[in-house]
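J.: My questions will all concern the structure given below.
The values are calculated or read from the model by the stated rules, or taken from the named source; none is laboratory data. What you see is a predicted model; the values in this text were computed from it and never measured. In this analysis, Cβ positions are derived from the backbone assuming ideal geometry, glycine residues included, and neighbour counts consider all displayed protein chains.
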């Protein structure tokens, strides 16, 4: 009786002579045969770090070699790293993006002149009066009253 060792787990099992002649009989079970067919790699999701399995075909198709565990992880990563600022598809020289820049920067929302913190009356002021210069150093929060005083007095 031909006993063989499984190529995956090393367990001894009986293999039919007919199967051995055909080149079969390498694995003790369907589970071990399935394990032998995995030839890809385990990689980390580029956004959340979760381990995911990717096949050689996935590697060939990917230009960036970045992999994600789900569509939502991919969108989250893309929104943080690719589609912001100059790379955004609707970018128009940053003319109206200064409000979002201030919100994301973490600067406390209160008037730099008088200290009012009512969000309904706060505006973003360009210190050099150039609306295309949207660097954080050039922007500040001011209330409507102080903004009027800056421009007219």
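J.: Which one of these does residue 79 not meet: (1) surrounded by 12 or more Cβ atoms within 10 Å (Cβ to Cβ); (2) modelled with pLDDT under 90; (3) in a helix (DSSP H, G or I)?
T.: (1)
J.: Can I ask one more? Determine whether region 20-35 contains at least one residue that is over 15 Å from the mean Cα position of the chain (by Cα) and part of a strand (DSSP E or B).
T.: We begin by selecting, within region 20-35, every residue over 15 Å from the mean Cα position of the chain (by Cα); these are 20-35.
With part of a strand (DSSP E or B) added as a condition, the list becomes none.
Checked region 20-35: no residue is over 15 Å from the mean Cα position of the chain (by Cα) and part of a strand (DSSP E or B).
J.: Considering region 31-49 alone, what residues qualify as being surrounded by fewer than 12 Cβ atoms within 10 Å (Cβ to Cβ) and in contact with a strand residue (DSSP E or B) (Cβ under 7 Å, 6 or more places away or on another chain)?
T.: Across region 31-49, the qualifying residue is only 42.
J.: Can you spot a residue in region 127-147 that is over 32 Å from the mean Cα position of the chain (by Cα), more than 30 Å from residue 37 (Cβ to Cβ) and part of a strand (DSSP E or B)? Don't jump to the end; show me each part of the working.
T.: Keep residues of region 127-147 that are over 32 Å from the mean Cα position of the chain (by Cα), which gives 127-130, 142-147.
With more than 30 Å from residue 37 (Cβ to Cβ) added as a condition, the list becomes 127-130, 142-147.
With part of a strand (DSSP E or B) added as a condition, the list becomes 142-143.
So far as region 127-147 goes, yes, one or more of its residues are over 32 Å from the mean Cα position of the chain (by Cα), more than 30 Å from residue 37 (Cβ to Cβ) and part of a strand (DSSP E or B).
J.: Oh, and also: Collect the residues in region 84-107 that are at pLDDT below 70 and either under 11 Å from residue 139 (Cβ atoms) or part of a loop (DSSP other than H, G, I, E, B) (or both), keeping them in residue-number order.
T.: Within region 84-107, 89, 90, 91, 92, 93, 94, 95, 96 meet the criteria.
J.: Let me ask something else. So which pairs qualify, if the first residue must be in region 75-91 and over 17 Å from residue 102 (Cα atoms) and not assigned by TED's automatic domain parsing to the domain that holds residue 48, the second must be surrounded by 13 or more Cβ atoms within 10 Å (Cβ to Cβ) and at pLDDT 85 or above, the Cβ gap must be under 8 Å, and the two must be at least 6 apart or on different chains?
T.: 76/47; 77/46; 77/47; 77/66; 77/68
J.: Scan region 41-62 residue by residue and report those that are in a loop (DSSP other than H, G, I, E, B), closer than 18 Å to residue 76 by Cα and in contact (Cβ under 8 Å) with a residue 12 or more places away in the chain.
T.: At the first step, the residues of region 41-62 found to be in a loop (DSSP other than H, G, I, E, B) are 45-50, 55, 62.
Next, from what is left, pick out any that are closer than 18 Å to residue 76 by Cα: 45-50.
Those that are in a loop (DSSP other than H, G, I, E, B), closer than 18 Å to residue 76 by Cα and in contact (Cβ under 8 Å) with a residue 12 or more places away in the chain: 45, 46, 47, 48, 50.
J.: Could you tell me how many of the residues in region 65-74 are closer than 23 Å to residue 100 by Cα and loosely packed, with under 14 Cβ neighbours inside 10 Å? Explain how you work it out, then say what you get.
T.: First pass over region 65-74, keeping only residues closer than 23 Å to residue 100 by Cα: 72-74.
Now restrict to residues that are loosely packed, with under 14 Cβ neighbours inside 10 Å: 72.
Number of matching residues: 1.
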